[in-house]
Amino acid sequence: MKKSFPLSKVYGLLEPGPVVLVTTAQKGRSNVMTLSWLTMMDFMPPQVGMVISDRNYSFAALKATKQCVINIPTVELAAKVVSVGNSSGRRIDKFSAFGLTPRPARFVAPPLIDECYASLECRVTDAHMAKRYNFFVLKVLKAWVDPTRKQPRTLHHLGKGRFVVDGRIITLPSRKK
Ligand SMILES: Cc1cc2nc3c(=O)[nH]c(=O)nc-3n(C[C@H](O)[C@H](O)[C@H](O)COP(=O)(O)O)c2cc1C
């Protein structure tokens, strides 16, 4: 039998994912934040929606420059992902503080993170809902993936420092076009 569940914990049930590291750049300085509130919105061109609190330093940079890179870390980077998410670029350089290596992107100013298994160069296409919901719609301009990583195990946030780590992959019949 199910019991009443606090609304404040619902986000953990829906388990968005994977947890990503979003890089931004403004006035020649790059920053990185941890983010788990993101959603796919379209296949081609790929569109992604994400929520960035306006209390975060990254919010203003994304709003002003309309560029970011969504970097996808795997479980090996879990401790760094949490450290990045518990500090602000207002005060420190998180790349050097947490040993993350920035690499130039092709189409945007924010860097790719070398240690992450995939990186998506993005441009903001709609920021109308940023004022009310802190919600940005992004188009993926360019995607990079490390082909040597056959089974990357990504992180999914359940709240309060708890994560699900991707495990076994199962393949089921899927509708052909
Ligand atoms: C696992 C995890 C997930 C997070 N998800 C989000 C998120 O989806 N949106 C958000 O605004 N902040 C999120 N945060 C908090 C930001 O990462 C945190 O406030 C960060 O330090 C902001 O950095 P900045 O001030 O340099 O932009 C998350 C933190 C952690 C640890």
- [ ] Six or more apart or on different chains, Cβ under 6 Å: which pairs go from a residue in the stretch 52-63 that's within 14 Å of LYS27 (Cβ to Cβ) to one that's buried (at least 18 other Cβ atoms within 10 Å of the Cβ) and modelled with pLDDT under 95? Could you list them?
- [x] none
Task: Number of the exception - THR65 against (1) open to solvent by 40 Å² or more (accessible area, probe 1.4 Å); (2) at pLDDT 95 or above; (3) within 12 Å of the ligand (Cβ to nearest atom) - done: (3)
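Does LYS142 satisfy being open to solvent by 50 Å² or more (accessible area, probe 1.4 Å), at pLDDT below 95, away from the ligand (no atom under 14 Å from the Cβ) and over 25 Å from TYR57 (Cβ atoms)? Talk me through it step by step, then tell me what you get.
On the way: open to solvent by 50 Å² or more (accessible area, probe 1.4 Å): yes; at pLDDT below 95: yes; away from the ligand (no atom under 14 Å from the Cβ): yes; over 25 Å from TYR57 (Cβ atoms): no.
So LYS142 does not fit the description; no.
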Task: Scope the stretch 1-31; condition assigned to a strand (DSSP E or B) and either closer than 19 Å to LEU141 by Cα or more than 9 Å from the ligand (Cβ to nearest atom) (or both); matching residues - done: VAL20, LEU21, VAL22, THR23, THR24, ALA25, GLN26, ARG29, SER30
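Applying the selection to the stretch 13-29, what residues are open to solvent by less than 40 Å² (accessible area, probe 1.4 Å) and closer than 14 Å to PRO110 by Cβ? Don't jump to the end; show me each part of the working.
Within the stretch 13-29, the subset open to solvent by less than 40 Å² (accessible area, probe 1.4 Å) is 16-25.
Answer for the stretch 13-29, where residues must be open to solvent by less than 40 Å² (accessible area, probe 1.4 Å) and closer than 14 Å to PRO110 by Cβ: VAL20, LEU21, VAL22, THR23, THR24, ALA25.
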TODO: Output the qualifying pairs, or none if there are none: Cβ atoms under 6 angstrom, residues six or more apart or on different chains, first residue in the stretch 79-95 and of a type in the set (D, E, K, R), second residue not in a helix (DSSP H, G or I).
DONE: LYS94/VAL32
Open item on the list: Residues that are more than 17 Å from ARG123 (Cα to Cα), open to solvent by 20 Å² or more (accessible area, probe 1.4 Å) and not hydrophobic (A, V, I, L, M, F, W, C): does the stretch 39-49 have at least one?
Closed with: no
Open item on the list: Can you tell me how many residues within the stretch 88-114 are surrounded by fewer than 17 Cβ atoms within 10 Å (Cβ to Cβ) and within 13 Å of the ligand (Cβ to nearest atom)?
Closed with: 6
- [ ] Could you list all residues from the stretch 73-87 that are open to solvent by less than 10 Å² (accessible area, probe 1.4 Å) and closer than 13 Å to GLY99 by Cα?
- [x] VAL81, VAL84
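Can you pull out the residues in the stretch 83-130 that are of a type in the set (Asp, Glu) and touching a helix residue (DSSP H, G or I) at 6+ places or on another chain (Cβ under 9 Å)?
Keep residues of the stretch 83-130 that are of a type in the set (Asp, Glu), which gives 93, 114-115, 121, 126.
The answer is GLU115, and nothing else.
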Open item on the list: Whether any residue in the stretch 145-168 is loosely packed, with under 14 Cβ neighbours inside 10 Å, of a type in the set (Phe, Trp, Tyr) and in contact (Cβ under 8 Å) with a residue 40 or more places away in the chain is what I want to check.
Closed with: no
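The values are calculated or read from the model by the stated rules, or taken from the named source; none is laboratory data. Remember, predicted model here, so these are calculated numbers, not experimental data. Virtual Cβ from ideal backbone geometry, glycine too; neighbours counted across all protein chains shown. Ligands, DNA and RNA are excluded from the accessible area calculation, which covers all protein heavy atoms including side chains. Shrake-Rupley method; radii C 1.70, N 1.55, O 1.52, S 1.80 Å.
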